[in-house]
1. Can you tell me the orientation of helix A:323-347 relative to chain A, as the angle in degrees between its alpha-carbon axis and the longest Cα principal axis, to the nearest 10?
2. With +1 on each Lys and Arg Cβ and -1 on each Asp and Glu Cβ, and nothing else charged, work out how big the dipole of the protein assembly as shown is about its Cα centre, in Debye to the nearest 20.
3. What average count of beta carbons from other chains do you get within 10 Å of the Cβ of residues in A:313-320?
4. Counting pairs of Cα atoms in the stretch A:20-129, how many percent are more than 17 Å apart?
5. So what are the ³J(HN,Hα) numbers for the stretch B:562-570, from phi and the Karplus equation (6.51, -1.76, 1.60; θ = phi - 60°), rounded to whole Hz, Gly and Pro as x?
6. Longest exposed-loop-site-free stretch of chain A, with chymotrypsin sites (Phe, Trp or Tyr not before Pro), DSSP loop and at most 14 other Cβ within 10 Å?
7. Beyond a 20 Å Cα-Cα separation, which of these cross-linked pairs lie in this structure: A:K321/A:K383; B:K459/B:K580; B:K339/B:K362; B:K418/B:K510; B:K82/B:K459; B:K510/B:K580?
8. List, in order, the whole-Hz ³J(HN,Hα) value for each residue of the stretch A:283-298 obtained from phi through the Karplus relation with A = 6.51, B = -1.76, C = 1.60 and θ = phi - 60°; use x for Gly and Pro.
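A short reminder: the numbers here are calculations on the coordinates, not readings from a lab. Nothing here was measured: the structure is a model prediction, and the numbers come from that model. Positions of Cβ are backbone-derived with ideal geometry, glycine not excepted, and every protein chain shown enters the neighbour counts.
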Amino acid sequence: MAVSRMRTVGARGDRLLIYLLISAAVVGSFAVLDAGYARAMAAGEGLLSAEWKRHLLWLGVFVVVFQITSRAPVRVLRGLSVVFYLGAFLGAILVFVPGVGVAAGGAQRWIGIGPITLQPGELLKPATILFLACVTSIELPAVNRYRRDLAARLDRSLTPFCVRVLPWVLVLLSLVLVEREPDLGTAAMIGAGAYGVLLLGRARWPLLVGLLIAALAIGAVFATSRDYRMERIATHASRWDPSVVKGPGLQAAQSEVAMAFGGASGVGIGQGRAKHVLPAATTDFVFTTIAEEFGLIGSGLVILLLGGISIRLIMLSMRLKDRFSRVVVGGIGWWIGLQSILNLLMAGAAIPPVGIPLPFISYGGSSLLALAIGLGAAQAALKMESHTEEKIAPDSHRRRHRRTRLSRA
Amino acid sequence: MWRSRNRDTSGDGPARARIAIGFLTFGFLLVGANQLRVQVSARDEILASADGVGQLVTERAVPAERGRIYSADGRLLARSAKLFKMGMTPDRVPLSPAFFADLSEATGVSAAELMDFAARGGPGRDWEDLLSRSQRDAVRRIRADYQADGLWTKSAGRREYPMGPLAAPIIGWVTDGRGRTGLEASLESSLAGEKGLVVGVTDRSGRFIPWLTRSILSRPVRNGADVYLTIDSEIQRAAMQSLAAQCELQKADDGVVVVLNPINGDILALATWPDFDPDDPREALLGAAEGLRVVGPELNPAVGLRFEPGSMFKAFTVALGIDTGVIESGETVTCEGRKRITDRVIRCAGDHRLKAHGAVTKELCIEASCNVAAATWAVEIGFNRLAEMIRGLGLLDRPGIGLTGEVEGDLDFDEYNKTLQAANLGFGQSLNATPVALAGAFAVFANDGMLVRPRLIMKIGAEEQPVRFGGRVFRPETARQVLAMMEQVVQGEHGTGRSLRIPGYRLAGKTGTAQKRDPETGRMDSGMYVSSFVGYVPAESPKAVVLVMIDNPSAGQYYGAQVAGPVFDQVCRFLINYWKMPAERASEENVAAR
C-alpha cells in the first residue's frame, strides 16, 4: 500500500511542491501586473505593462523548461550539469565582452541574444549547485600506489585535481566575475548556494565553520573596501534623514513606509502608492506592493508560500539516498529559501538594499529560467528516487535504471 | 567526505538537512517578525518619521505664470519666455554612453561634459543652456526611456521684452523671478500671481497620481494678471528715438519726453534717456555705479527726478493773474531788462545778452518769455495764491502713475522772503517738479482748466484703472486764452519757438530754460541748464501734450527751443503723420506768405 502510494507520488515528483509552485507563479504574475501598471500607465503603455506580458511569456518558458528537465533521467542531468555550469560560466565572461554584454543602471550584468537578454549571474545560482552536487558525488577510481606508469600517475594527480580542486577554483572565479559586474548580491547568493552544497553534502564541520568565518571576513573586507558599499550601509541606517530620504535612501524608506501604510489589512488591490515611487517595483521590491495592498495577511501568505517551497524541498531531500539527488534537491531548496529571506528582509528595510529578486514573484526572465532548471532538476531527482525506492519492492520492472545505477557504483 | 559513496548509508544526511531547515526556519521567522514590526508594532513611528521628512505625501508648489504687459495698441511689451533648464543628479542617472549621446542631441550640451559630471558624482546641478518647449519634452522622453530619475527640467524664469530698450524705462526688468524696477517691480504682486500647491503622491516621473492627490490641502495656482498700459508703442518708439538722438547730440546728462492725452491724462509715451537693455541691464548698472552715466537704469527721471520748470511756468503765472484779476486785459508791464525785487535783481536774457522787452502785455510775456513781467505779476498775485495753484496742479504730488521711485515735487514753504520767492516762482524758479507732474499740469490748458492726473496703467487683469480728475484749476476761458498765447510762441513773430513751425499745422508751446543749482556750491550761475519745451498738437483742441526736458546739455546750446525744441518737432511730425491729422489750408497760406 505504502509502495503504490509512493509510486503515484514518484511518477509526478512531489504533488505538494507542484501546488506550491503553481500558487507562487499565480501570486507572481498578479504582483507583476499590479506593481507594473503604475509605470506602464505613466509611460502611456496602457494598463497591461510590457513587463507583465514578458513575465507571462517567461512563465510559459518556465513550464516548458521545467517539464523537460523534470522528465530527464538523473544521470543525464548529472552529465548536463557540468555543461550547464560551463555555459553559465561562459555567459558570466561574455557579460564583459563589448557587443554581447549589456549594461543598464550602471552595471554590466546581462548578455543580449537576439531579442532576449539573459543574466548569467542568475543562471549561475542553480548551475553552481548542480555542478558541485555532480562533482562531489563523483567517486575517484581506486589507485594502485605501487604502479609507476603514466596512467597511474595521472590517476593519482590529475584526476583528483580535476574533480576535487578545479570545480572550486571555477566557482571562486565565477564569484569574482559576478562581483565585478558589479553584483555583490548575486555573487553572495552563488556563494551561499555552494555553501549549501557543502552543508548538505556533509563536508566536515571544521571546514564549514572555517568557510563561514572566511566568508564573514571577506564580506567585511568587501563592505569596507569600496566606499559606496560602506556608504550604502551608513545610508540605510540614516535613511530617514531629509538629505538621504529622497536620494540614496529612497528605495528602503519608501518600501518601509508603504508596508507600514498597508498595516495589518492592506490598502486594497491596486491602491498602493509604492509602485508609483519605487524604481524596482516589479523586480527587487515586488513584495512591497503585496505587503502594502494586502497588509500583513498578504505578506504572511507570501512568506509561508516561499518558506513552504524551500523547506519542503529540503525535507524531501532527506528521504533521498542518491547523493547527487539529495544535494540537488536540498541545495535548490536552500537557495530558494535563502534568497527569499534576503529579499524579504531587504524589502522590509531590515537590511540594506541588495540586488536580488524574490523567487517566482519578481519579474525577471533569467530568474524564472534559473528556477525552472533548478526545480526541474530537483523534481527529476525526486521522481528518480521514487523509482529506485521501488527497487526494494519484490516486483521491479525498472531494471534498466537499476542496472545503470549498479554499473556506476 | 570525498571518499563517501554515492549511496549514503551513514545516516548523517537527515541531520545536516535538519540544520539547514532550522536555519531557514529561523530566517523566515525573522522575516515574519520584521513584517510584524513594520506593518503593526512600529507602524505609527515609521509613518511619523516618513511624514516628518515629507515622504508620505509630496508637497509641490506650482509656479504661477507671470502676467504679460501690453501697450494700448496691443503690442506685447513683456512676457515670460517658455524656456527651460535641464538639471541632473549624478547618482540617479544611468552611466550609459547612449543616454548621454541622446541627451546631448536633445539639449546641445556636449555628451562628454554631461558624462564627466555624472561620473564624478556629488550634488546635482543645472545647465544655463536654455531649452525650448520641444527640447524640454525631448529631455522628458529620454528620462522615461532610460528611467533616469536623476534627470529633471525646470522653467528658466526668463522674461522677454519684445520692444527691448524702447520700453525698458517703463517696464523695468526681472531678477530671479522678481521685478527689480519699473512696472515689473511696482506691479510685482499683480504680475507674479500666486503659486499653487499640490499635496499628494507622485509617481517616479514626478507626476501626481490623480486619485492619491489630497484636494483639501491643495491650492490652485493663480496666474499673474496681464497689464495693459496707456502707452502707444509707435509713439513710444518715435519719442525714444528722437530723444536719444538729441541727448547724444547735446551731450546731456539725461532727458525725458512725456506725451500725454490731455483729455483723460493717458500717457501715450514716456521716453527717457539714457536707455538700457532690459535683457542685460548689467552694463547700464555698472555704468551708473562707476559714474559713467548720471541716471542709472533703476531711476526713471520722468518720475524720479525733479526739475525747475523755468520759463514754461509763466503760462501758469499769467493764467492765475487773469483768473485772480491781477492782470487786466490790455495791461502792460514795462520791461527794462532788469527789475529789483527786494534785495535781488531779476533779469531778462535773450541770446546771452540782457534784453529789454519794453511794454509787455500778457501775450508778449508768454510769446517772448519776459521774466520781468512774469515776476511783477507773480509778486502781485502773492506767494500763497501761487502755492495754492501749484498744489492744485499736482506739481507737489508724486506722479502716481504706478512706477517705482516716484518723488514728490518740492517748494520751500519756509522761505522768509516770500516776495522774492513769489517773483522767482513767476518765471518758474524755486520750484521743483517731476516731468510727468509738469506734463499733467500743462494739460489743464488743453482741457479747459480742468486737471486730469496722468495715467500709465489702463488695466490690471480685468480691473480698469480709473481716470483721476484733479478738479478745476483755471476758468475755461482763461485756459483757452493762455493756450492761444502759447500758440504765438510758435506761430508769433517774436515767439521763442518760432523755429518749430510745421507748415499746415498750428502748434502751441512754451520754451523753458532753467539754470541748475550747482550741486557743490549751491550757486545758480553754475552754467548748467535744463532745457525744456512743452507743446500742444494741434493748437486748437489739442490731442496731445508733449513735454521735453533735456538735463544739462553740454554741447554749447541750452535754450529750450534749440535743445528740447527739435525733439518736440520730431514727435509732433510723427503724431501728425501717425494720426493722419488734416492740414489747415489757411494757416498754410499764412506761413507761406510770411
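1. Relative to chain A, helix A:323-347 is tipped by roughly 10 degrees.
2. Working: 112 positive and 95 negative charges, 1678 e Å.
Its charge dipole is roughly 8060 debye.
3. Details: counts 4, 10, 5, 1, 6, 8, 3, 3.
Mean shielding count: 5.
4. Details: 4048 of 5995 pairs.
For the stretch A:20-129, the share of Cα pairs beyond 17 Å comes to 68 percent.
5. 7, 8, 8, x, x, 5, 4, 4, 5
6. Within chain A, the longest run free of exposed chymotrypsin sites (Phe, Trp or Tyr not before Pro) spans A:147-409.
7. The answer is B:K459/B:K580; B:K418/B:K510; B:K82/B:K459; B:K510/B:K580.
8. With coefficients 6.51, -1.76 and 1.60, one gets 10, 5, 10, 5, 5, 4, 5, 4, 5, 6, 7, 10, x, 5, 4, x Hz.
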